[in-house]
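The values are calculated or read from the model by the stated rules, or taken from the named source; none is laboratory data. Predicted model, so just to flag it, every value in this text is computed and none were measured. Cβ placement follows ideal geometry from the backbone for every residue including glycine, while neighbour counts extend to all protein chains displayed. Side chains are part of the model used for accessible areas, which takes the heavy atoms of the whole protein and leaves out ligands, DNA and RNA. Shrake-Rupley method; radii C 1.70, N 1.55, O 1.52, S 1.80 Å.
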Amino acid sequence: MGFLRIRTTVDERPGRLASLAAALAEKGGNILGLSVHPDADGTVDEFVAEIPAAPEAVREALEAVGGRRVQVVPACAHELTDEPTRALLLASRLRTAPWRLPELLKELLRADDARWVYGSDMSDLPDPTLLTLPVAARRAIRLRRGDLPFTLTEAARAAAFVRLAQPPAEEVDPAERSVKLADGTETEIRPLTSVYREAVRDLHDRCSPESRRFRYFTAMPALPERVFDRLCDRGRGHSVVAGRDGQVVALASLMFTPDPGIAEMAFLVEDRWQGRGLGAALARMLVAEARDLGFAEVRATLLSDNVRMRRLLVSLGATLGYTDDPGVVEARLAIGVMATASPS
């Protein structure tokens, strides 16, 4: 009986994990470790199991219950350590020896290789066995792992790990943030609270029916009280308002979802403030917030004719895909790969 590390992608439907566990049990497997990774086209379930069956038999059993891209590789007993504890110990080592960042990243992700890359070599390659992590403007670390492709969750973990080796960022009180647009105009950013109820109501009144339709998929003339209260609930998400001259000119929300590691963002920007870079600035803020909260991916659902928002999200590094509704597009942005967007 040997140790195996098993990965399989499954559709995000109730009961899938139970089916996989039952299939492993039928092969005499004893599951010793489990982790769940949200990824580009489903959820990646990873098991470390002690199992007598051959890898090919394990793969066939999981495929029979809906597993896709099943990968089975040998594992060692030392891989059974508690993952959060292992990450904390590696973080402690990094704080005392930040120059060992590539070596410790390699250990964190159990990669085959980790090396510095510079300049033009930093560009992402269309190879899931390679992961490039920016460390500075023209410097990055590239990891390679041939047996198991990197997931979005692992990329988020690695990006957070890299930040430990960097100089601490200047602490900014969220209540005192401001955004300077390309034309020199400044707007103040504040967390959304009930204090802004009337100001947000006025924002909706000033927005065109098309802007409201792009935000809510209907030309909602006013924001229902229950929706406003939900946006203010910090247990459900983080929302901010942008203000200028005593008016709220934009509302941006990062909402938590039932999917592990995934948050969803949405915006409403007053018509006369659109196309000035405010939306891009708010999007970067929300993605940074998602990163700090430990999310692996941010998604946005938008109408297919919302050309401005599509361009903005693509400029940030998002990928677009159609949904079951031909008029609706889903944008997916992996934390850590956000591009530097020019104001639009």
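Tabulated data
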{"quantity": "Percentage, to the nearest whole number, of Cα pairs in segment 85-210 over 21 Å apart", "calculated": "58"}
{"quantity": "Cβ charges +1 (Lys, Arg) and -1 (Asp, Glu), total dipole of the chain, debye", "calculated": "620"}
{"quantity": "Per-residue [θ]222 nm for the chain (sum of -39500 (n - 2.57) over DSSP H runs n ≥ 4, rounded to 500)", "calculated": "-9000 deg cm²/dmol"}
{"quantity": "Dipole moment magnitude, nearest 20 debye, segment 259-304 about Cα centre, only Lys, Arg, Asp, Glu C-beta charged", "calculated": "220"}
{"quantity": "Segment 230-336 - percent of accessible surface contributed by carbon and sulfur, probe 1.4 Å", "calculated": "48"}
{"quantity": "The chain: angle of helix 16-26 to the longest principal axis, Cα-based, in degrees nearest 10", "calculated": "0"}
{"quantity": "Carbon + sulfur, % of accessible area of segment 100-144 - ligands and nucleic acids excluded, 1.4 Å", "calculated": "50"}
{"quantity": "Scattering profile of the chain at q = 0.09, 0.10 Å⁻¹ [log10 I(q)/I(0), Debye over alpha-carbon scatterers]", "calculated": "-0.58, -0.70"}
{"quantity": "Column: log10 I(q)/I(0), Debye, Cα scatterers of segment 207-344, q = 0.14, 0.19, 0.20 Å⁻¹", "calculated": "-0.62, -1.23, -1.38"}
{"quantity": "25 °C / 0.890 mPa s Stokes-Einstein diffusion coefficient of segment 175-251, Kirkwood radius on C-alpha pairs, µm²/s", "calculated": "186"}
{"quantity": "Accessible area in square angstrom per residue, the chain, 1.4 angstrom probe", "calculated": "50"}
{"quantity": "Relative contact order computed over the chain (Cα-Cα under 8 Å; 6+ residues apart), in percent", "calculated": "12"}
{"quantity": "The chain - share of DSSP beta bridges that are antiparallel (%, nearest 5)", "calculated": "95"}
{"quantity": "Gaussian network model of the chain, springs between alpha carbon atoms under 10 Å - residue of L80, L302, L20 with greatest fluctuation", "calculated": "L80"}
{"quantity": "Span per principal axis, largest first, for the Cα atoms of segment 1-148 (Å)", "calculated": "50, 31, 26"}
